[in-house]
Amino acid sequence: MTNITNPDQQIGILRETIVALVRDDGPDLSARQLAVLLTVYLSEGPHTVRGLAADLNVSKPAITRALDRLGELDLARRKVDPADRRSVLVQRTPKGTTFLQNLRTVMIEAQKGTADAKLLPPQASGEPALRAV
């Protein structure tokens, strides 16, 4: 995979990825739910509600709501920490792993489509222009 550093290309990849996810029959995750999922799967654990809240700089109730939805979809699960029964550990699931693998594939395809796309010249204000549609 080539390294994309142009902000317009990055936005294009994000857009194409989101559009592909919207068109898919898979789960419809909010940005917060996706952030929690990606944090659990892409960073070293163990993960706790408190730790996720600190990592993402959001409240513990916000993490709890996101985990409720991820749990309903079997993308992540909560388990009481056997070492400290007051703490809840967040665990990965096979379905969550499959979701992440599919997300990677969608992003690779989006990158292929965006990397070759024609970009508009920068605006007079110096702000980057978005890709021509």
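Where a number appears in this text, it was derived from the coordinates with a stated rule and is not lab data. For clarity, every value in this text was computed on a predicted model and none was experimentally measured. For neighbour counting, all protein chains shown are included, and Cβ atoms are generated from backbone atoms with ideal geometry for every residue, glycine included.
Each Lys or Arg adds one and each Asp or Glu subtracts one; over the other residues with Cβ under 14 Å from the Cβ of R92, this totals +2.
In the frame of its principal axes, segment 7-114 has Cα extents of 48, 26, 22 Å, reported largest first.
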